[in-house]
Amino acid sequence: MTSNIVKFVYKNKICEIEDPDPNETILNYVRTKLKKTGTKEGCAEGGCGACTIVLAELKKNNIDYKAINSCIAFLPSLEGKQLILVEDLVFEDKLHPVQKAMVNYHASQCGFCTPGFVMSLFAMYKNNSSYKEEIIKDSIQGNLCRCTGYRPIIDAAKSLNTESKFDHFSKNKNITLSLLKKINQRDIAIYNNNKKYFAPKSIKQLKNIIQKESNSKLISGGTDVSLIVTKEKKDLNSLIYMNSIDELNYLKEKNGYIEIGATTPLINLESFIKKFFPDFSSILRRYGSVQIRNVCTVAGNIGTASPIGDTLPLLLTLDTQVVINGKNKTQILPLNSFFLGYRKTKLKKGQFIQSIRIPLSKKNIFKAYKISKRIDDDISSVCASFNVEINNNIIKKIKIAYGGMSNIPKRAFNCEKILLNSYLSDKTIKKAKRLLEKDYKPITDTRASKEYRMQIAKNLLEKCFIEIRQKKLIRINF
Amino acid sequence: MNINSFIEQARPHESGSKHVSGYANYIDDIIEPEGTLYGAIGYSKKTRAIISKLDLREVWKSEGVVSVVTSKDIPGRNDVGPVYDGDPIFTKRPEYFGQPLFAVAATSAELARKAVLKAKITYKILKPIIDIKEALRKKLFVLKGRKIKRGNPLKKIVRAKNCIKKTFRLGSQEHFYLEGQIAFVIPQEDNDFKVYSSTQHPSETQQIIAKMLNQKNNNINVEVRRVGGGFGGKETQSFIFASICTLLSKKTKCPVKLRMDRDDDIIITGKRHDFYADYEIGFNNKGIIEGVKIKLLSRCGISPDLSGAINSRALLHIDNAYYISDLLVENYLCKTNTSSSTAFRGFGGNQGMMVIENIIDNVARYLKKDSAEIRKINFYQKNKKNITHYGMKIEDNVINEIFNKLIKSSNYKKRKKNIKKFNLKSKYLKKGIAITPVKFGISFTTTHLNQAGALVHVYYADGSVHVSTGAIEMGQGTYTKIAQIVANELGVNYNNVKVSSTRTDKIPNTSASAASSTTDLNGAAAVNAVNKIKQNLASFVKKKYNLKSDKAIYRNGNVNFKGKKFTFNSLVKEAYLNRVSLSSSGFYSTPKIHFNNKTFTGRPFLYFCYGAAVSEVLIDTLTGENKILRVDILHDHGRAINPAIEKGQIEGGFVQGAGWLTIEEVKWKSNGELLTHSPSTYKIPAVNDMPLKFNVKIYKNINKENVINKSKTTGEPPLMLGMSIFFAIKDAIASVGNYKIIPNLNAPATTESILLSINHIKRIYEK
């Protein structure tokens, strides 16, 4: 059964919106329709965190609190969730412990970014039992403050360690749980003037809709696509939102590979993949803010095919396979030949990415590096990934890929060729570095010059082998 | 003992509880009257051109559009330039990419923004000038530069034992206030307008709108409750938005809100001046500077804006904390086809200081000495070497004390030795350390701006107090501090004092909240108003109760005259019943200061703020990445009114300064189009850019001048503490050449420019 009504929990009630404008952002809805103006717009592209809200979701019989950027989330994505705004943290005219700490530690100056920080820290407060500096910094790396320099905000967050973990959300937990369950999400189909929006609940439904509405834009997270509306001021007339499909939200290890469902948010992958490829996990921590990682997905990253998508060079060296579904049977394609050109892939109309598979090997050394102007929430100048197998100082297997060096994320085949089966020495590395010039012709843009890109590409190759030979990491940033 | 003194207390920000709960109203949060329209600005997509045709038919037809305005709709002055003309509201000859051409009002912000994209504009393209050196070659200036000279620098340089001749570049900086530019205008009767503007300067907003409309100033009432970050970016850059918004409101006769999209905001508005310096310096073997010759170029963009004052402040701070006996500085205010560069925390002072700091650093590297020692031997002294190059005697110098104390408390010397050891062992990762001083002059250098007004009411019914001043609350805590000052003066509870929004119909002729002097000026004006009320009360009490003296002590809610005691509440009630005024305006003008702009001499500043910072960094010589390991700051804020607020200013200023010199990079395409106009392309410091260890200490001092509570402002000076980061990075780079080669490092020290500088050293060193 499909429904044209979006239902969500707000203030212990189920709210319904009939045929909402699928291009309206949650931020706009909250500020102009709910008339709650505590949530601010700072940039309308998910880059400053002023618009941070928390969406609470059912997770088994528990509630998961997710900070997201409401400026780039479309209204129908509220379906089945609890909406929590900065105003809602105040209970019986008393500030929430997170809010009180921010006041007591002088953590607001101009105050415009403050609601966003409060919400990021609120999600941290609810999802963790203790708040170490690392968790705190991770939680607010997507919130920009131009006044304080962050120290008082960190101190405020640290002080929560001695605060009670029981707040009015804990008190109302059972009510919230029952309301969330009551919504019993359905397949959503919205028609608003000339705009359409579909949020199927199952793969089966997705297959149906994708055939019928083959000109629709697929979104899996949508943190990139939404900028067409908020920045280019264009309409997205037909959208298929994949993230309601629970069947596609999974992580598993089987038969020598790990499989990642298309709608699995990166934040889940980050912890899961750590034991297999620690560098992969580190790169994910710098992929974007928590607000972004809470919603964006690997499938979305692959589908967007951005030359600077940070997971892509990593997946390329790991021999990742893409599982495609559509009208016919599922197909398995190697990621290596998946990207055709700038933001172009082999995915045809009526097809979708169902999952990806990363083969596991015990002998390999996997390394990944991200170079950007800023540590947090920045787009790579160059992202590099190396998957190497060395036996008796002979390079037995080698896969190298870079992002930011070409119009697509690309393997360095010429460089790999010279390294394969050769003896690991300074001379070999020197030669391999030179061959990168044959593999890539980088460009100059806002983030870096072509010369710098080429030099760090070479230096990262060198760094990778220095680390392998010295058996230690030489890094400044995680 | 004064139990309930509210001064020198670390009180939370007066809006703290509202900030954290979302109930602090910014302009976009004000309840809109029905029928409110929303504006958007159409701007030039060419850098320099003549508009041969502006076809707006499709804009008019666009969904939701109610009205469109162009320069033809402006009855009065089509310019928002604060001192000089040059910043047209709508132009027909755009001089930078992003210059406004027209605006629309529509039924929603989204529809207005969609509509402006539908204009069909025909441009006749002209060649733009983007590079400041090219502007110099072509002699394109927004204002005439000046030449200041003391002694005989050229001769001194020639005769000096050692000489360095080099160039240095300093980048621009985007303000990136979190609340973007916004105005909201509600038309009133008599063609009056109520203007809500996110501005640091309501009075000038009022004047500019009145001139634009050809109306009187008393028709325009500008109100500002709070600004979501300014940093200089809303000192003049807010004017064009308030003006366009008022114009749209006048034309539609409706309330209009104009909220800028972040990208458009950054594209349209001016930023910090980037500087280029050519210098020659002569010094002896000890490292004492004997003569300096500097040519200073700055990017002013298309118009003068505040460039005159900013470049003057650069000249006034070219000495930082150093006595330079013989100097010659020539400056050039270059006109480029980029948005008009404007005020930004430091206001040119920081650029001047970076130039001399870089010179000193190079002197130390040339002589293979510790730069801390070279800095010390060049410092201004107390009884000699205490006259600046503009003839002001420095009477409050504490830089020697601060510097020595910080060297000790930060363990600078030992750490420097350890760093050298570390660098010998570590091939790829290198550490660096540096200590830099700050001396920053306080007062507007345009003397007449150093005035302020206030209005204080005491309500007899409950003794509560209402305060208005010309101060703009933009995060620096001025409302909190002024409330503390007034509570202290009246001896009443802090919670009984309310500082309300700043309005031009309450306080006229205000100066911008700028130059770090907002609380100094407005707090003093509030005290003056309080004193007048106290005088009324004293005359009344003295007469009625036949007292010998009218002196009284206001403490803990009581007022004690010699021979008669009152509670504050009972006194004001009694005074009211006896028809005594409980309301007064107040005024303040800074004493002592004067400056002759022609001779460039005088006493432009009432006092100086001092501080110093030691920074230690780690760099990766393969990638150029860097990390701030530890920062120690010792800063002088006199006897602070609110130590917590001052600490916030020090830390925040430091991080902003570090951002300016490291990751924040403003870039233009060669055709003049701005490349960095969003948080995805322009990076301000985020949480992991913070120093891993951050020790901020206060140097105990009192202000020698008669400033409230003997305090010193914080505001701008802490930004310059960030200089230490740049020189620590430079120190780490120098280690690559075993400290034998002076690194060529320009600001900002991005990962890319660090690697470039390392390449340069390796090329020489490995030869």
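Each value in this text was obtained by applying a stated rule to the coordinates, not by laboratory testing. All values derive from a computational prediction rather than experimental measurement. Here the Cβ is made from the backbone with ideal geometry for all residues, glycine too, and neighbour counts use every protein chain on show.
If you average the C-alpha positions of region A:377-446 and of region A:227-274 separately, how far apart do those two centres end up, in angstrom?
Rounded to whole Å, the Cα centres lie 28 Å apart.
What distance in nm separates the simple spin-label points at B:ASN509 and B:TYR739, each placed 7 Å from Cα in the Cβ direction?
5.8
When the chain is fully extended, how far beyond the present Cα-Cα distance does B:GLN381 get from B:LYS425, taking 0.36 nm per residue of separation?
Working: separation 44, 0.36 × 44 = 15.84 nm, distance 4.02 nm.
Here the segment from B:GLN381 to B:LYS425 would lengthen by 11.8 nm.
Would you tell me the mean number of C-beta atoms belonging to other protein chains that fall within 10 Å of each C-beta in B:745-754, as a whole number? List each step's numbers first, then the result.
On the way: counts 0, 0, 0, 1, 0, 6, 9, 11, 1, 0.
Shielding by partners across B:745-754 averages 3.
Return the sequence-ordered ³J(HN,Hα) values of region B:253-268 in whole Hz as given by the Karplus equation 6.51 cos²θ - 1.76 cosθ + 1.60 applied to θ = phi - 60°, using x for Gly and Pro.
6, 10, x, 9, 10, 10, 10, 7, 5, 4, 4, 4, 4, 5, 5, 7
Go ahead and run the numbers for FRET between B:ASP462 and B:LYS251, Cβ-Cβ distance against an R0 of 41 Å, rounding to 0.05.
Efficiency, rounded to the nearest 0.05: 0.35.
R0 = 41 Å: FRET efficiency of A:ARG343 with B:LYS127, Cβ-based, nearest 0.05?
FRET efficiency, A:ARG343 to B:LYS127: 0.75.
Where the centre of each part is set by its Cα atoms, how far does region B:632-672 sit from region B:460-521, in angstrom?
25
How many Cβ atoms of partner chains, on average, are near each residue of B:673-682 if near means within 10 Å of its Cβ?
Shielding by partners across B:673-682 averages 5.
Given R₀ = 56 Å, what would the calculated FRET efficiency be for B:LEU675 paired with B:LYS413, taking r from the Cβ atoms and rounding to 0.05?
Efficiency for this residue pair is about 0.85.
Tell me, B:HIS594, B:HIS389, B:HIS637 in order of fewest to most beta-carbon neighbours within 10 Å?
Fewest-to-most Cβ neighbours within 10 Å comes out as B:HIS594, B:HIS389, B:HIS637.
Rounding to the nearest 20 debye, state how big the charge dipole of region B:451-589 is about its Cα centre with +1 on each Lys and Arg Cβ and -1 on each Asp and Glu Cβ.
780
Treating only the Cβ of Lys, Arg, Asp and Glu as charged (+1, +1, -1, -1), what charge dipole size does chain B show about its Cα centre? Round to the nearest 20 debye.
Numbers: 116 positive and 67 negative charges, 630 e Å.
Here the size comes out at about 3020 debye.
In whole Hz, with x marking every Gly and Pro, tabulate ³J(HN,Hα) for region B:323-338 from phi via Karplus 6.51 cos²θ - 1.76 cosθ + 1.60, θ = phi - 60°.
7, 10, 5, 10, 8, 9, 10, 10, 10, 10, 9, 6, 8, 10, 8, 9
Each residue of region A:326-331 in turn: what ³J(HN,Hα) in whole Hz from Karplus with 6.51, -1.76, 1.60 and θ = phi - 60°, glycine and Pro shown as x?
x, 4, 8, 5, 5, 10
Along Cα→Cβ, 7 Å out, is where each label goes; now give me the distance between the ones at B:LYS61 and A:LYS362 in nm to one decimal.
Going by the 7 Å Cα→Cβ label model, 7.2 nm.
When A:LYS441, B:LYS45, A:LYS36 are ordered from fewest to most other Cβ atoms inside 10 Å of their Cβ, what list results?
Numbers: A:LYS441 12, B:LYS45 15, A:LYS36 19.
Neighbour counts put them in this order, fewest first: A:LYS441, B:LYS45, A:LYS36.
Under a point spin-label approximation (7 Å from Cα along Cα-to-Cβ), what is the A:ASN62-A:GLN211 distance to one decimal in nm?
4.0
Can you give the calculated 222 nm mean residue ellipticity of chain B, where each DSSP H run of n ≥ 4 adds -39,500 (n - 2.57) and the sum is split over every residue, rounded to the nearest 500 deg cm²/dmol?
Taken over chain B, the calculation gives -9000 deg cm²/dmol.
What is the packing order of peptides B:201-211, B:137-147, taking the mean over residues of other C-beta atoms within 10 Å and listing the highest first?
B:201-211, B:137-147
Provide A:CYS464, B:CYS300 in ascending order of the number of other Cβ atoms located within 10 Å of each residue's Cβ, fewest first.
Sorted ascending by nearby Cβ count, the order is A:CYS464, B:CYS300.
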